[in-house]
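In what follows, a single structure is set out as structure tokens and then discussed.
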Amino acid sequence: MTAQQSAVEQAQILMDFGRHEQARDLLARRIAEDPGDLRAWVKIGYCHLNLEQEQQARDAAAEALKLDPEDYGALILRAQALTHGPGASWREVEPLLRAAVRVDPHHWYGYAMLADAVWRMSLLRYAQATGAKKLEHHEIDRVSREAADLVMEALRLGPEEVYAHEVALRIAGASGNSTVADQLERAILRIDPTHADALASQTRKAAQAPGVKAVQAADLYAAGLAAAPDSAELQRGLDQATYRMLRGIRWLALLCVGLAAAGVDLFATDGETQRQLPLSLGQRLWDLVPMAAIWFVGGLLRYRRRRAGVQLNIRSLIRRRRWARVVVAQAGWAMLCALLIIEVPWTDRSLPQVLFWAGLVPTLATLWFDRTKTR
């Protein structure tokens, strides 16, 4: 094994373990010994790129291309360095990537990145030529045909590569081809079940499908977050679904207010004699049974059957969001009114009627107002 091979291979091993600084230092020593080592220039460029030192990566790629303008690795490195970090631009990369595809026509990555570059620049040139601020799906589809052909070749050469699928997904989504986009998202999740964007999109579609209730949506988002815990979109979806669940507890409290009113015959009806007040202690205690059943079935059991992530998010949401606390407070207020109506041995119905409307009206009014908070 030559010294060149030894240094470059050792650096690659360090890079595989994420030790890019050590690999960079090793390659720097190798380049100091032999500035004409092409592979060392390419590898150190990737070290800089992984350390977010984009300008140094661009310089390393330029040095490598001086040694061999037709080197595939140097061309790809230069293209990647130009599209990352401050000053990133896709304007200069298309010629580099076309050269890379010409040098190695059997490597999937060159086609995938070229498709990405061609698609971006084709849309930009079309928008500048037409003066359009927003492109319709059919316009994007027409402009994206070359990029679509290139990415299909990338998928043929690399059927298990996520990046090729990501580029194809962007093109299909922007072109309005929802069926193909859905298939590509499923393909990405088959390759990488923790892919945040594809997982968030598929979870959102499942959670927003007709007939899916808030508790089911919350479980779906919690399952997605378990696979991709850093996804802001999944967290936002879980918060919305959790808030919808919390809104539902007010209906349980309002139902208890209605039962309490029925228990003491608050409102006279024609042809019926109202119950004599005060109610007996046994009757007042018995009237608590249906309320307890409502909360046990409608509240406690639903809560305990949820995923651990949903249960934790309910408590977290109450701490983080003012409207979540408002919902819980309103349910508590309505229940307090219900308990006062049914448990106090009233001798007159005027005060219980005030409590009934006090528990009912503010909560019903807010139910309509805070619907936008679930979006």
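The helices (runs of 4 or more DSSP H) found wholly in segment 242-327 and carrying at least 1 residues that are open to solvent by less than 60 Å² (accessible area, probe 1.4 Å) and modelled with pLDDT of 90 or more occupy 288-295, 308-320. Restricting Gln56, Gln10 to those that are without any contact (Cβ under 8 Å) to a residue 12 or more places away in the chain, in contact with a helix residue (DSSP H, G or I) (Cβ under 9 Å, 6 or more places away or on another chain), more than 18 Å from Leu114 (Cβ to Cβ) and of a type in the set (S, T, N, Q) reduces the list to Gln56. For segment 167-183, the set of residues classified as open to solvent by 30 Å² or more (accessible area, probe 1.4 Å), over 11 Å from His137 (Cβ atoms) and in contact (Cβ under 8 Å) with a residue 24 or more places away in the chain consists of Leu169, Arg170, listed by residue number. Here Arg186, Arg204 are screened, and the one residue that is of a type in the set (Lys, Arg), open to solvent by 40 Å² or more (accessible area, probe 1.4 Å) and under 26 Å from Ala112 (Cα atoms) is Arg186. In segment 117-146, the residues that are free of Cβ contacts under 8 Å to residues at least 60 places away in the same chain and of a type in the set (Asp, Glu) reach residues that are surrounded by 15 or more Cβ atoms within 10 Å (Cβ to Cβ) and assigned to a helix (DSSP H, G or I) with C-beta atoms within less than 8 angstrom, at least six apart or across chains, in these pairs: Glu139/Tyr126; Glu146/Val118; Glu146/Ser122. Taken over segment 189-201, the criterion of being open to solvent by 20 Å² or more (accessible area, probe 1.4 Å) and assigned to a helix (DSSP H, G or I) is satisfied by Leu189, Arg190, Ile191, Ala196, Asp197, Leu199.
Looking at Gln216, is it open to solvent by less than 60 Å² (accessible area, probe 1.4 Å), more than 30 Å from Leu355 (Cα to Cα), in a helix (DSSP H, G or I) and not acidic (Asp, Glu)? Considered against the rule, which asks whether it is open to solvent by less than 60 Å² (accessible area, probe 1.4 Å), more than 30 Å from Leu355 (Cα to Cα), in a helix (DSSP H, G or I) and not acidic (Asp, Glu), Gln216 comes out as no.
On the stretch given as segment 94-139, residues that are within 20 Å of Arg170 (Cα to Cα), among the charged types (D, E, K, R) and not in a loop (DSSP other than H, G, I, E, B) total 5.
The rows are residues; the columns are (1) acidic (Asp, Glu); (2) open to solvent by 30 Å² or more (accessible area, probe 1.4 Å).
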site	(1), (2)
Arg58	no, no
Asp68	yes, yes
Gly85	no, yes
Ala100	no, no
Ala112	no, no
Arg125	no, yes
Ala132	no, yes
His137	no, yes
Glu146	yes, yes
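For segment 221-236, indicate whether the set of residues that are aliphatic (A, V, I, L, M), crowded, with 17+ Cβ neighbours inside 10 Å and outside any helix (DSSP H, G or I) is non-empty. For segment 221-236, residues aliphatic (A, V, I, L, M), crowded, with 17+ Cβ neighbours inside 10 Å and outside any helix (DSSP H, G or I): present.
The values are calculated or read from the model by the stated rules, or taken from the named source; none is laboratory data. Treat the numbers as computed from the prediction; the structure is a model and nothing was measured. Note that each Cβ is placed from the backbone with ideal geometry, even for glycine, and that neighbours are counted across all protein chains shown. What goes into the accessible areas is simple: the full protein's heavy atoms, side chains included, and nothing from ligands, DNA or RNA. Shrake-Rupley method; radii C 1.70, N 1.55, O 1.52, S 1.80 Å.
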